[in-house]
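What follows is a short report on a single structure.
We did not get these values from a lab; they are worked out from the coordinates using the rules stated. All of these numbers come straight from a predicted model, not from anything done at the bench. Reconstructed Cβ throughout: ideal geometry from the backbone, glycine too, with neighbour counts over all protein chains shown.
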C-alpha cells in the first residue's frame, strides 16, 4: 500500500491549487464527498480502487487544466484533490 503513496505525494501542481486542497481537508466528510465524486461505489469495500479512481480523476483534471479546456473547473479539481489527499492520508495511517 505504501508503494503507491509517492505518486500522490509527488504531485506537482500550482501552489494555490494545493493550498486550497489542504485547506479543504479540515471539512472533508468522507461519505458525502465520495458519494458525490464516485456515485454508486463503496469506498470501504475496495479502498485501493477508490484511490486509483481518484488518481485517474485528478489526472484528467490536470490534463484539462494544462490544456486550458473550457470545461475545466478549478473547484472540481480542488474537490478531487481534497478527496485524494484525505484518502491517501487515511490509508497511510492504516498501513
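Compute the helix-to-body angle for 47-66: its Cα long axis versus the longest principal axis of the chain, expressed 0 to 90° and rounded to tens.
The angle comes out near 10 degrees.
Considering Cα pairs under 8 angstrom that are at least six residues apart, work out the relative contact order of the chain and quote it in whole percent. Let's see the in-between values first.
Numbers: 58 pairs, mean separation 47.4, N = 95.
Over the chain, the number comes to 50 percent.
Using 1/(1 + (r/R0)^6) with R0 = 30 angstrom and r between the beta carbons of residue 41 and residue 18, what's the FRET efficiency to the nearest 0.05?
Values: r = 25 Å, r/R0 = 0.85.
Efficiency, rounded to the nearest 0.05: 0.75.
Just to confirm the number: angle between the C-alpha axis of helix 74-94 and the first principal axis of the chain, 0 to 90 degrees, nearest 10?
For 74-94 against the chain, the angle is about 30 degrees.
Sort 93, 19 so the one with the fewest other Cβ atoms within 10 Å of its own Cβ comes first.
93, 19
With the cut-off at 13 Å, report for segment 39-95 the share of all Cα pairs above it, as a whole percent.
Working: 995 of 1596 pairs.
More than 13 Å apart: 62 percent of the Cα pairs in segment 39-95.
I'd like the orientation of helix 15-24 relative to the chain: the angle between its Cα long axis and the longest Cα principal axis, in ° from 0 to 90, rounded to 10.
It works out to around 40 degrees.
Report which label in (1) -0.43; (2) -0.35; (3) -0.59 holds the value of log10 I(q)/I(0) by the Debye sum over Cα atoms at q = 0.12 Å⁻¹ derived from the coordinates of this structure.
(2)
Among 70, 50, 41, 88, what is the fewest-to-most ranking by other Cβ atoms within 10 Å? Could the numbers behind the result be given before it?
On the way: 70 6, 50 22, 41 14, 88 18.
Final ranking by Cβ density, sparse to dense: 70, 41, 88, 50.
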